[in-house]
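Take a look at the structure set out below.
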Amino acid sequence: MARRPAETVPLHRALLEDLDQMLAIYDRSVQELIGVSRQEGYFDDWTPELLTWPGSSESGFSDLEALEHRVRLVDAIFQGVPKVRDKRLREAHDPFAAMMGPYHEGNRIYLQVKDQFIQRKAGTAQEFLQLYQTLYLEALAKGELFSPDAGEASLEEVKLTHVPLSHAQAVAEALSTVALSDDPRWEEQYEYDLDGKSVSGTLRVLLQEVAQRTLDLIAAGGLLSTRFNYLTNFAWFGSSVWKVIVDADLALYRLREAGQIEQADLQQDLDLLRSMLVEFFQAHQEDPTKLRPQNYWYGQAYSYLTRDMIDLTAGIVDRVNRLWGESEKKQVLPPLLAGTVQGRFLDYPHVGKREDISSTRRKLRFVRWARACWKVGRKRYRVYQSDLAPEQRWERAWQMWRVWSEKTMQIFGIQMQVRIDPMFHSIARDLDLGSGRHKVLILPTHQSMVEHLVSFSVFQSPEFLEAMGWGKPIPFVTLARSGLFRAMSFKIGSKEMSLFGGVHPDTCDRMFEAVDGYVTRESLDGQVHSIPRMLDAMETRPGIIYPTGTTASFDVQLFPLQHVLFAKLPQDIVIVPVAFRGSHSIWPKCPKGNLDINPGVIEAVVSPPMLGETTLLPKRGSLRIQAEAAAFFQAVQIATLLNPEPRG
């Protein structure tokens, strides 16, 4: 059993040890944000002298006039972010969506020309890849980068965003490429056929076309993911929490003026939330090309931080309102945190939670589900103790999980819809995907724990098998986090047992590898050590399911992907993104420890296969160059998961 990492004190807890220092950092940080926000247009009708943040007093709050001014400053940002987000994401999304078709056609061109190249014995597959990558780097080095406007430039200055492809272009410019201009193979004629339309050209021209289509899409994807991260994950969420802080500060002042003096607990919670906001801000200033985040951005601890911020924010609003009693000065939980937002790039209306059910029904459903979990746990334990060959264990476990998944959906009233992108079949045909010759990486979104309940049904569904060209279900390797069963465990005396068959949670973890053939890791932040084992598994298994990021704290939180994965992947990988629409509202992460699973609809959208050969940047000494690939695949998930049309 792997040793668990030592516990570390979260930054926000350390900040609270010196309250005055924390408040000073908080004041500096928010003043910096106000300066940046001015460039984004939130204060267009404000005079410059009004854009000064009133500093905190030693007690954490100032006089009435200062507190009211704080509320006005934050409210301008809070009200402005959703409109700016809608506009900027739409501007980035539309070109990206328009380029997706040409990109997939480019992959088909690449595959057809590659087949001809090898059939003519012009060279090996590796030589063909090297020829393509020469043009790819050349196009990258000469490409025109996105020019940020004043607002985005100011965000870049404070490290909250970056120019898409800027790092990769710098690396490409520094590389000394192999001179192949006199290679006669460049001028040989090739042709491709796209749905009955034949086109011919030299090898150089055709590969240049593929490289340019790919880089155009990666650049557009980098812009979409960059804007999504700073506008949704940072600005929208951060301003929602920030508004609760300043409104509650003002409410607390007025409560004290009204004679309600004993509010020490509320003051402590506000200081805790302030310290969390400081940590949140610092986390978003992390360099996205770093292998390991220092203050949690991308990681599981960051997800827990935002979850705890939501829980604490909801608690503060509730406590303030109870103190006011019947007063009209009620505080409102911001729409993003309450799940009542309107606008673009939200969940699609046809998916998600469909019904509120009573507490009694919830308990009865959970009892039925516990029985199903117990049964599958006992069956898996018998396989664990058997002398079956690994391949037989994998197949039996894969079938058991499918039956359990279908039973789970029936118990909880979850309807699953599987939708295969129309372009999947033509690319799969050119790839000969059903032959099993390719290493396949399934890259699903991971908004909720509910994906663990339904994914076995999806990846063994008739729709998925037909798209992959398989006659029967074939067990994938899944990257799984150890400790998943501990949340579903209980104790009888000194004995700890999992809901899955009464087996100890640690034994359940070992069964992941011994029975299912999975690759396990301690946490999402420890994934570097599990990647080599994952790549080894690709040599003997049909593919890997790699859930991206960790579960979301609010419905439209979508984490960036860590680029170390893409730096380690083999170039001949085939990547299939999958978006689980509507999953978050079925089983929300908040509040902490939530076990309420709602009836509703989940739609699994399977995107066309994407080629590592054309899309991943050429492997070089710098792993950081693959940060662009990570941003691109996050953009694919954003564009597939969320609805670009307005809601509400």
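The values are calculated or read from the model by the stated rules, or taken from the named source; none is laboratory data. No experiment lies behind these values; they were computed from the predicted model shown. Neighbour counts run over all protein chains shown; Cβ positions are idealised from the backbone, glycine included.
Tabulated data for the structure shown
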item: Candidate set: the range 304-334, residues that are of a type in the set (S, T, N, Q) and over 12 Å from Asp269 (Cα atoms); chosen: the one surrounded by the most Cβ atoms within 10 Å (Cβ to Cβ); result: Thr306
item: Residues of the range 527-557 satisfying the condition of being crowded, with 21+ Cβ neighbours inside 10 Å, of a type in the set (Val, Ile, Thr) and part of a helix (DSSP H, G or I); result: none
item: Members of the range 450-465 found to be in contact (Cβ under 8 Å) with a residue 24 or more places away in the chain, under 19 Å from Ser435 (Cβ atoms) and outside any loop (DSSP other than H, G, I, E, B), listed by number; result: Phe464
item: Residue in the range 408-419 that is hydroxyl-bearing (Ser, Thr, Tyr), touching a residue at least 12 places away in the same chain (Cβ under 8 Å) and farther than 19 Å from Val606 by Cα present; result: yes
item: Residue that is among the polar types (S, T, N, Q) and assigned to a strand (DSSP E or B), where the choices are Ser198, Ser225; result: Ser198
item: Residue that is surrounded by the fewest Cβ atoms within 10 Å (Cβ to Cβ), among those in the range 244-271 that are part of a loop (DSSP other than H, G, I, E, B) and in contact (Cβ under 8 Å) with a residue 12 or more places away in the chain; result: Gln260
item: Matching residues in the range 336-369 - criterion: being free of Cβ contacts under 8 Å to residues at least 60 places away in the same chain and within 30 Å of Asp247 (Cα to Cα); result: Ala338, Thr340
item: Of residues in the range 228-255 being of a type in the set (D, E, K, R) and modelled with pLDDT of 95 or more, the one nearest to Gly612 (Cα to Cα); result: Lys243
item: Candidate set: the range 616-648, residues that are of a type in the set (Val, Ile, Thr) and at pLDDT 95 or above; chosen: the one farthest from Phe580 (Cα to Cα); result: Val636
item: Residue selected from the range 319-335 under the condition within 12 Å of Val244 (Cα to Cα) and of a type in the set (A, V, I, L, M, F, W, C), by the criterion nearest to the chain's Cα centre (by Cα); result: Leu333
item: Single residue of the range 1-25 satisfying the filter (of a type in the set (Val, Ile, Thr) and in a loop (DSSP other than H, G, I, E, B)) that is modelled with the lowest pLDDT; result: Thr8
item: Pairs where the first residue, in the range 274-285, is more than 11 Å from Met22 (Cα to Cα) and the second is part of a helix (DSSP H, G or I), C-beta under 6 Å, 6+ apart; result: Phe281/Ser29; Ala283/Tyr302; His284/Phe234
item: Residue within the range 590-612 that is surrounded by 21 or more Cβ atoms within 10 Å (Cβ to Cβ) and charged (D, E, K, R) present; result: no
item: Tally of residues being modelled with pLDDT under 85 and among the basic types (Lys, Arg) across the range 490-536; result: 3
item: Residue count for the range 466-486, restricted to those that are small (Gly, Ala, Ser) and without any contact (Cβ under 8 Å) to a residue 12 or more places away in the chain; result: 1
item: The range 296-352, residues that are over 11 Å from Phe554 (Cβ atoms), at pLDDT 95 or above and of a type in the set (Lys, Arg); result: Arg344
item: One residue from Gly80, Gly106 being outside any loop (DSSP other than H, G, I, E, B), crowded, with 22+ Cβ neighbours inside 10 Å and small (Gly, Ala, Ser); result: Gly106
item: Hey, Phe476 modelled with pLDDT of 90 or more and in contact with a Phe, Trp or Tyr (Cβ under 8 Å, 6 or more places away or on another chain) or not; result: yes
item: Any pair with Cβ under 6 angstrom, 6 or more apart, that starts in the range 597-620 at a residue that is under 25 Å from Met100 (Cβ atoms) and hydroxyl-bearing (Ser, Thr, Tyr) and ends at one that is in a loop (DSSP other than H, G, I, E, B) and modelled with pLDDT of 95 or more; result: Ser607/Asp421
item: Some residue of the range 458-476 being surrounded by 19 or more Cβ atoms within 10 Å (Cβ to Cβ), in contact with a Ser or Thr (Cβ under 8 Å, 6 or more places away or on another chain) and either under 27 Å from Gly101 (Cβ atoms) or not aliphatic (A, V, I, L, M) (or both); result: no
item: Enumeration of residues in the range 26-58 that are touching an Asp or Glu at 6+ places or on another chain (Cβ under 7 Å), surrounded by 13 or more Cβ atoms within 10 Å (Cβ to Cβ) and modelled with pLDDT under 90; result: Gly55, Ser56
